[in-house]
Amino acid sequence: MKKLTNKLVYITGLMISTLLLISCSEPNNDNGDTETTANQEVVEEETPMLEAASEEYADIVKEQFDLLSNFDFDAFGNHLADDVKWYWPDGNADSRTTISGKENLINWWKEWKETSGAQSLSFTNHSLLPLKINEGNNYYNVKGTGVLAYNDINLTLGEKSNSTRQHVVFMFNDNKKITHAFLYYDRTGFAEITDVELSQSDE
């Protein structure tokens, strides 16, 4: 019985060794992969047009709206790039009224506060979506980190007031400063209650 057991152990060990030798001598392709792997197509992963970005950028945009509501225009400028461009909602891509430069934009807001007679300006019902834009579109060829912002503008001048829904696209540079702001909203109601439209600029 003992001899039979030893013989079975020997045969089992011999079979395992043979299988190991066969597996080690299996032919591979030039890349060290099996033929099955070599025949598989390599699919490159495409960069998506849009990706999610940090909520920090949405927080900056929310703070900007709060600062405008408080008429704190100097602090508002802290998050602006020196070469910022502010696009009002008039005209098309080539003819929109634009304010260029941080100093010009801050001065415009200060003058607007003094000449419009605005008592209150607020932005409510925010929807903020931070995104990384990897491909620019045909309308505005801008890429990088941005925030799609939706909210209500509420403006009061004396006994008159008006509210409208707006959409703003903010774009940032690598230093997290705003480089572009593209505004979209219906200006009709504001034009009716003030002689100074929000779309005027010094250019």
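The values are calculated or read from the model by the stated rules, or taken from the named source; none is laboratory data. Small disclaimer: the values here were computed from a predicted structure and weren't measured. All Cβ positions, even for glycine, are placed from backbone atoms using ideal geometry, and neighbour counts span all protein chains on display. Heavy atoms of the whole protein, side chains included, go into the accessibility calculation; ligands, DNA and RNA do not. Shrake-Rupley method; radii C 1.70, N 1.55, O 1.52, S 1.80 Å.
Listing for the model above:
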item	result
Unmet criterion (only one of (1) over 21 Å from the mean Cα position of the chain (by Cα); (2) at pLDDT 95 or above; (3) more than 19 Å from Phe182 (Cα to Cα)) for Asn28	(2)
Flag for Leu67 being modelled with pLDDT of 95 or more, closer than 24 Å to Thr188 by Cβ and not in a strand (DSSP E or B)	no
Within the stretch 42-59, tally of residues that are buried (at least 18 other Cβ atoms within 10 Å of the Cβ) and either closer than 28 Å to Gln119 by Cα or among the hydrophobic types (A, V, I, L, M, F, W, C) (or both)	2
Total residues in the stretch 152-169, condition hydroxyl-bearing (Ser, Thr, Tyr) and either open to solvent by less than 30 Å² (accessible area, probe 1.4 Å) or in contact (Cβ under 8 Å) with a residue 40 or more places away in the chain (or both)	1
Number of positions in the stretch 177-191 that are under 27 Å from Glu103 (Cβ atoms) and either in contact with a helix residue (DSSP H, G or I) (Cβ under 7 Å, 6 or more places away or on another chain) or open to solvent by less than 30 Å² (accessible area, probe 1.4 Å) (or both)	8
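This table checks each residue for (1) in contact with a Pro (Cβ under 9 Å, 6 or more places away or on another chain); (2) without any contact (Cβ under 8 Å) to a residue 24 or more places away in the chain; (3) in a helix (DSSP H, G or I); (4) surrounded by 15 or more Cβ atoms within 10 Å (Cβ to Cβ).
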{"site": "Glu63", "(1), (2), (3), (4)": "no, yes, yes, no"}
{"site": "Lys85", "(1), (2), (3), (4)": "no, no, no, yes"}
{"site": "Ser95", "(1), (2), (3), (4)": "no, yes, no, no"}
{"site": "Leu105", "(1), (2), (3), (4)": "no, no, yes, yes"}
{"site": "Trp112", "(1), (2), (3), (4)": "no, no, yes, yes"}
{"site": "Ala118", "(1), (2), (3), (4)": "no, no, no, yes"}
{"site": "Leu128", "(1), (2), (3), (4)": "no, no, no, yes"}
{"site": "Leu131", "(1), (2), (3), (4)": "no, no, no, yes"}
